Amino acid sequence: MKKETAIVTGGTRGIGLAITKALREAGHPVAAIYHGNEEAAQKCSRETGASVYKADVCDFEACQKMVMMAEDDLGPVGIVVNNAGITKDGVLHKMSLEDWENVLRTNLYSCFNLSRAVMQGMRDRSFGRIINITSINGQKGQFGQTNYCAAKAGMIGFTKALALEGAAKNITVNAVAPGYIETDMTAAMKPEVLQTIVKQIPTGRMGLAEEIASLVAYLSSKEAGFINGATIPVNGGQYMC
């Protein structure tokens, strides 16, 4: 039986790439969405067999068109992973309106844009899995990240409300909240900053993108049908809630 088609935003690098790989290994056709890095997108396609689509997830109409293209190519979308995200850090009294809006649009508005584009189809077919990649900082806060924390906390509220709306139609909506994960972004941090962070993690190490991806793959499965509205931390015990 053909597996459900999945869409992964920010799906060609970092945690998103690991999720794309995990879903492909589980047999799903995957549409990996990227914004600008053509080289990474083509590498992702070669290595995983995923189909890659360039789209601005901040744009409502672009998301509608991208979903239609993906469904024409791969079949009806049954799984959505809202992973796209950016940071524009700065203390609030110095933060520009542009940096506030760009982070909210990319991290939070994109969840609405893509979920809205697939929700009616999921309801019609009585199946759906939506997984939102939030953050430890959306749970506990972080100095200099009012925009990012607001967006990631907003994703948690969005998850809970949409979980209630979709439940009767066998549509589950859950969030995964990574802590500090080994990615290109964290690799660019100063070693002394990373050492300070690792000291705060009870397991004594940073997480791996594959550890996030394996959880997402499970939440995407039919076997995870009784998990709904949850926010699952994957942070090595750094923040327990």
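The values are calculated or read from the model by the stated rules, or taken from the named source; none is laboratory data. Worth saying up front: this structure is predicted, and the values here are computed from it rather than measured. Please note: Cβ atoms are built from the backbone with ideal geometry, for glycine as well, and neighbour counts cover all protein chains shown.
Numbers at a glance
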| read-out | value |
| --- | --- |
| Scope the range 125-167; condition within 15 Å of the chain's Cα centre (by Cα) and of a type in the set (Val, Ile, Thr); matching residues | Ile130, Ile131, Ile133, Thr134, Ile136, Ile156, Thr159 |
| Residue pairs meeting the criteria (Cβ under 8 Å; at least 6 apart or on separate chains; first among the charged types (D, E, K, R), in the range 15-41; second in a loop (DSSP other than H, G, I, E, B)) | Arg24/Gly49; Arg24/Ala50 |
| Selected residue (only one of Gly75, Gly27 is surrounded by fewer than 18 Cβ atoms within 10 Å (Cβ to Cβ), of a type outside the set (S, T, N, Q), on the phi > 0 side of the Ramachandran plot and touching a strand residue (DSSP E or B) at 6+ places or on another chain (Cβ under 7 Å)) | Gly75 |
| Residue in the range 2-13 that is over 17 Å from the mean Cα position of the chain (by Cα), surrounded by fewer than 22 Cβ atoms within 10 Å (Cβ to Cβ) and at pLDDT 95 or above present | no |
| Residues within the range 186-196 that are more than 13 Å from Gly14 (Cβ to Cβ) and either within 20 Å of the chain's Cα centre (by Cα) or surrounded by 15 or more Cβ atoms within 10 Å (Cβ to Cβ) (or both), tallied | 1 |
| Wholly within the range 85-185, helices (runs of 4 or more DSSP H) carrying at least 1 residues that are of a type in the set (D, E, K, R), modelled with pLDDT of 95 or more and surrounded by 19 or more Cβ atoms within 10 Å (Cβ to Cβ) | 146-166 |
| Failed item, numbered, when Lys190 is tested on (1) among the charged types (D, E, K, R); (2) within 27 Å of Lys88 (Cβ to Cβ); (3) touching a residue at least 24 places away in the same chain (Cβ under 8 Å) | (3) |
| Within the range 219-235, tally of residues that are surrounded by 15 or more Cβ atoms within 10 Å (Cβ to Cβ) and assigned to a helix (DSSP H, G or I) | 2 |
| Exclusive hit being crowded, with 17+ Cβ neighbours inside 10 Å, within 28 Å of Ala6 (Cα to Cα) and modelled with pLDDT of 95 or more, set Ile201, Ile212 | Ile212 |
| Top-ranked residue in the range 18-70 [being outside any strand (DSSP E or B) and polar (S, T, N, Q); ranked as nearest to Ala217 (Cα to Cα)] | Thr20 |
| Residue in the range 32-46 that is within 20 Å of Arg129 (Cβ to Cβ) and under 16 Å from the mean Cα position of the chain (by Cα) present | yes |
| Residue within the range 80-93 that is over 24 Å from Gly179 (Cβ atoms) and in contact (Cβ under 8 Å) with a residue 12 or more places away in the chain present | no |
| The range 1-17: number of residues that are of a type outside the set (A, V, I, L, M) and in a helix (DSSP H, G or I) | 2 |
